[in-house]
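Colleague: One structure, as structure tokens, below. Some questions next.
The values are calculated or read from the model by the stated rules, or taken from the named source; none is laboratory data. Remember, predicted model here, so these are calculated numbers, not experimental data. Neighbour counts run over all protein chains shown; Cβ positions are idealised from the backbone, glycine included.
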Amino acid sequence: MEDDGKGEEANEKDVGKSEEEAALVRKIDIRILPILCSIACFQYLDKTAINYAAILHLKTDLQLDVQRFNFVGAIFYIGYLITQRIPLGRYIGLIVFFWGAVLVCTGFVQNYSQLLALRFVLGFFEGGIYPAFTLLVATFYRRREQATRLSYIWLSNGVAVALGGLMAYGIGLMDDHGMARWRWLVFIFGTVTCFIGFVAFFFLSGNPKAKRMGLTAQQEALVDERIRDNQVYRTKTIKREQQIEALKEIRLWAFSISTFVFGLRSGGMSIYETQITHSFGYSELYSILLTFPYGIVDAISLLVCAYIASKINQTLYVASAVRAMGTIGTLLMIVIPNEKLKIIGQYISACNITAFVLLLSSLTNNVAGYTKKVFYSSIMMGCFTVANIAGPFVMAPEFAPTFVGSFIIHICTSIIAILCLLLARWRMAVANRRKAAQPSDTMTRVEDDLTDVQDPNFVYRL
């Protein structure tokens, strides 16, 4: 067997998808994806609202210097880290409503301390959303369907950047009626989020066989078959041997380092994008408007790369390539002599987000065993969150306003992340060759809750 995972792809194509299963997938998509994508969109908008608020004079009104602003960006992820230990399940809608309400309250703050406290609470409520998304997708969809659905959810971040730029630009132009425009911005973002939380509370299901899904008896039987395929068998038993197995894998640490590097960049750049654009010589309002193309590049990059990865069945090679492209974009932000043209590099650097989404897709497809999958997700999201706490401080005051020193740090760490992705792929390719050399006739059941290492029939999707 080759190590490129094509054997598995061929098997999946042979199995195909019946008309009834196609109808089931469409029903799941309609009932689940719009809500998840809306939540993801406004989750990103809400946590990065200070990116736009900073240009709309939040820093001046609340007397925030660079160091204080960095703390405001970082403390969100301290709350985010704490609440990742809380299982959200069917309470996602309630949590979304609460963080929308917290964002609305942010519009009333009068000083740095109040802003810091509310950013912490906002992060507390948002913390479990993406781990919940990953588990929901792994529960509702077959392995071969998961990468596409996760891409749709993460695509919402690009939509959020583009939408946020347009909304913030419009707010910057409107009659403020005597109230600071950044306050209008968080009021509007928070109110929409509360509405989405209300919808999610009543219509989002965490169980593919729940009554609100409206499945027929035949479709419920299909759900059982699909659960066997996606390698997720939920159990309340924590299997320590699966956690130990994960800790011994180089792949876990390679994925975690790469995740940390992405979070380091995300934590700083997501709250400084408009200020960096402003440093290129653009006006304040125009700097906000110019985030629209950034979001479009992010979205297009994700769509194109997810399509390519699915066609050539090489997720981590594509992730490494697009990560390299994003790194080149960051380099261009330093070396292009014309200040205003540096925005080209800023747009290209948006590709970094795609690499992280493909990494998460690889995690979802290649880790089996419920305890092991949750453990992997927890470690990686912990790394992501800690890195986001550190990220704003990479944007150190001595590097302001151009932040060239910060960009150099991101370039160096990005190279390390690319090497880690390639290392993880190599380890899985070796495991595929080893299993192919020793084929097994053992039949396994999803109820056995075997890990990818324990299951002799498991083939890694590279």
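Colleague: Hey, does the stretch 146-153 have a residue that's over 30 Å from A368 (Cα atoms), touching a residue at least 60 places away in the same chain (Cβ under 8 Å) and among the aromatic types (F, W, Y)? Give the derivation first.
Modeller: Of the stretch 146-153, the ones over 30 Å from A368 (Cα atoms) are none.
No - not one qualifying residue is present in the stretch 146-153.
Colleague: Report, ordered by the first and then the second residue, all pairs with beta carbons closer than 7 Å, sequence separation of six or more or different chains, a first member in the stretch 278-307 that is of a type in the set (D, E), and a second member that is surrounded by 16 or more Cβ atoms within 10 Å (Cβ to Cβ).
Modeller: E284/I55; E284/H278; D298/N157; D298/G158; D298/V161; D298/A350; D298/I353
Colleague: Among the candidates A355, A424, single out the residue that is within 30 Å of F280 (Cβ to Cβ), modelled with pLDDT of 85 or more and among the hydrophobic types (A, V, I, L, M, F, W, C).
Modeller: Answer to the selection: A355.
Colleague: Something else about it: Taking the stretch 403-436, which residues are without any contact (Cβ under 8 Å) to a residue 12 or more places away in the chain and among the aliphatic types (A, V, I, L, M)?
Modeller: The answer is L419, and nothing else.
Colleague: Is it true that F407 is crowded, with 18+ Cβ neighbours inside 10 Å, more than 25 Å from T134 (Cα to Cα) and either more than 21 Å from the chain's Cα centre (by Cα) or modelled with pLDDT of 85 or more (or both)?
Modeller: Yes: the conditions hold for F407.
Colleague: Then there's this: Look at E220 and say whether it is surrounded by fewer than 22 Cβ atoms within 10 Å (Cβ to Cβ), modelled with pLDDT of 90 or more and out of contact with any Asp or Glu (no Cβ under 9 Å at 6 or more places or on another chain).
Modeller: No: the conditions fail for E220.
Colleague: If you scan the stretch 37-70, which residues turn out to be of a type outside the set (D, E, K, R), over 26 Å from the mean Cα position of the chain (by Cα) and not in a helix (DSSP H, G or I)?
Modeller: L56, H57, L62, Q63, L64
Colleague: When the residues of the stretch 303-326 are filtered to those that are among the polar types (S, T, N, Q), at pLDDT below 95 and assigned to a helix (DSSP H, G or I), which remaining residue is farthest from E273 (Cα to Cα)?
Modeller: Per the criteria, the residue is S310.
Colleague: State which residue is modelled with the lowest pLDDT when the search covers only the stretch 332-345 and only residues that are surrounded by fewer than 18 Cβ atoms within 10 Å (Cβ to Cβ) and assigned to a helix (DSSP H, G or I).
Modeller: Applying the filter and picking the extreme gives K340.
Colleague: While we're here: Can you name every residue in the stretch 162-180 that is at pLDDT below 85 and surrounded by 11 or more Cβ atoms within 10 Å (Cβ to Cβ)?
Modeller: D176 - this is the single residue of the stretch 162-180 that is at pLDDT below 85 and surrounded by 11 or more Cβ atoms within 10 Å (Cβ to Cβ).
Colleague: Now for a different question. Any chance the stretch 148-160 includes a residue that's out of contact with any Leu (no Cβ under 6 Å at 6 or more places or on another chain), among the charged types (D, E, K, R) and under 23 Å from I92 (Cβ atoms)?
Modeller: yes
Colleague: Only residues that are modelled with pLDDT of 80 or more and surrounded by 13 or more Cβ atoms within 10 Å (Cβ to Cβ): list them for the stretch 223-247, please.
Modeller: Within the stretch 223-247, K239, Q242, Q243, E245, A246 meet the criteria.
Colleague: So for the stretch 40-59 (the condition being free of Cβ contacts under 8 Å to residues at least 60 places away in the same chain and farther than 28 Å from A200 by Cβ), does at least one residue qualify? Don't jump to the end; show me each part of the working.
Modeller: Narrowing the stretch 40-59 to residues free of Cβ contacts under 8 Å to residues at least 60 places away in the same chain: 59.
If we keep only those that are farther than 28 Å from A200 by Cβ as well, we get 59.
Yes, that holds for at least one residue.
Colleague: Filtering the stretch 40-53 down to residues that are touching a Leu at 6+ places or on another chain (Cβ under 8 Å) and small (G, A, S), which residue is farthest from W184 (Cα to Cα)?
Modeller: My answer is A49.
Colleague: Evaluate the following for V186: is it within 16 Å of F42 (Cα to Cα), surrounded by 21 or more Cβ atoms within 10 Å (Cβ to Cβ) and more than 19 Å from the chain's Cα centre (by Cα)?
Modeller: When the stated conditions are applied, V186 passes them.
Colleague: Can I ask one more? Please give the number of the condition V374 fails out of (1) of a type in the set (A, V, I, L, M, F, W, C); (2) assigned to a helix (DSSP H, G or I); (3) free of Cβ contacts under 8 Å to residues at least 40 places away in the same chain; (4) more than 19 Å from A321 (Cα to Cα).
Modeller: Only one criterion is unmet by V374, namely (3).
Colleague: Next question, about the same structure. Could you go through the stretch 274-288 and let me know if any residue there is of a type in the set (D, E, K, R) and within 21 Å of F403 (Cβ to Cβ).
Modeller: So the first thing to find is which residues in the stretch 274-288 are of a type in the set (D, E, K, R), and the list is 284.
The next check asks that each one be within 21 Å of F403 (Cβ to Cβ); those that pass are 284.
Yes, the stretch 274-288 contains a residue that is of a type in the set (D, E, K, R) and within 21 Å of F403 (Cβ to Cβ).
Colleague: Looking at the stretch 248-267, which of its residues are crowded, with 24+ Cβ neighbours inside 10 Å and modelled with pLDDT under 90?
Modeller: Correct list: G267 only.
Colleague: Need at least 1 residues that are in contact with a Cys (Cβ under 9 Å, 6 or more places away or on another chain) per element, so show me which helices (runs of 4 or more DSSP H) inside the stretch 129-215 make the cut, counting only ones lying wholly within it.
Modeller: Because the criterion is at least 1 residues that are in contact with a Cys (Cβ under 9 Å, 6 or more places away or on another chain), the helices (runs of 4 or more DSSP H) in the stretch 129-215 that meet it are 143-173, 181-203.
Colleague: Would you point out which residue out of S287, S270, S301 is under 30 Å from M167 (Cα atoms), buried (at least 17 other Cβ atoms within 10 Å of the Cβ) and touching a His at 6+ places or on another chain (Cβ under 7 Å)?
Modeller: After ruling out the rest, the residue left standing is S287.
Colleague: Taking A210 as the residue in question, decide whether it is closer than 26 Å to S18 by Cβ, loosely packed, with under 14 Cβ neighbours inside 10 Å and not β-branched (V, I, T).
Modeller: Criteria met by A210.
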